[in-house]
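One structure is given here, and the rest of the page talks about it.
Rule-based calculations on the coordinates, nothing more; no lab input. Since we're looking at a predicted model, the values are computed, not measured. In this analysis, Cβ positions are derived from the backbone assuming ideal geometry, glycine residues included, and neighbour counts consider all displayed protein chains.
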């Protein structure tokens with residue numbers, strides 16, 4: 001009888017006593033991987049390392065879903081710092097969004113007829129009303145849009161005064177008289193020179209602080225008081 005040789009079977013790691021090796025492996029989430037990868041190895045370039053650090057900062061600020069959408073947009077916005085994104089947003093707003101609005105006024109794609117439609121057009125494009133100064137400056141060759149923007153700034157200034165007057169009325173019987181007196185002072189012609197100077201100074205100061213626009217006598221020579229009255233009246237719930 002020939003003796004049969006025993007063939008040794010190779011040890012498969014992960015089975016039997018070796019199973020402890022598999023148990024030692026822990027599942028790591030995406031954020032942990034990102035933080036580990038943010039540490040540069042000697043073979044990685046400085047640019048790649050810096051982008052990884054920026055990506056980690058932005059991922060900590062956004063939800064996983066929002067960050068994934070941003071990353072899959074292939075715009076490289078996910079490797080920008082929050083400050084860089086803010087600067088890019090401001091540049092887009094000033095260099096593209098506002099000039100595009102005025103360009104559409106020129107081409108008649110948009111045609112505002114009063115302060116209300118001007119406001120609607122700006123809100124539709126997510127443009128803030130304190131940017132009316134830029135609309136005035138960009139519309140130097142478009143008198144109609146420039147005039148509407150100036151009237152809207154003045155109407156908004158008057159509206160703040162009227163709101164303060166309304167809030168100060170305690171007796172219902174004095175309500176109508178107080179509003180009429182306020183509107184007469186704002187839109188009427190005062191015989192007291194000191195009152196006119198006070199009103200003018202307040203309007204110029206408010207418009208400059210609110211919109212950053214300095215009063216221009218040349219642009220404000222032909223103010224239409226009925227348009228201003230309508231602009232003040234509509235935000236208060238009138239028609």
What is region 99-175's relative contact order, in percent, from Cα pairs under 8 angstrom and six or more apart in sequence? 25
Rule-of-thumb Rg ratio for region 83-124 [Cα; 2.2 N^0.38 Å; N residues]: 1.37
Translational diffusion of region 85-182, µm² s⁻¹ [Kirkwood Rh, Cα pairs; Stokes-Einstein; 20 °C; 1.002 mPa s]: 140
Listing 217, 72, 84 by rising number of other beta-carbon atoms within 10 angstrom, fewest first, gives 217, 72, 84
Percent relative contact order of region 113-236, based on C-alpha pairs within less than 8 angstrom and at least six residues apart? 32
How high is the FRET efficiency from residue 121 to residue 220, r the C-beta distance, R0 30 Å, rounded to 0.05? 0.85
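Listing 227, 196, 107 from the residue with the fewest other Cβ atoms within 10 Å to the one with the most, what is the order? Write out the running numbers ahead of the final one.
Working: 227 17, 196 13, 107 9.
In increasing order of surrounding Cβ atoms, one gets 107, 196, 227.
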Across 10 Å bins from 0, what is the distribution of all Cα-Cα pair distances for region 113-236, in whole percents? 12, 43, 33, 11, 1
Rank the residues 194, 87 as a footprinting-exposure proxy: fewest other Cβ atoms within 10 Å of their Cβ go first. 194, 87
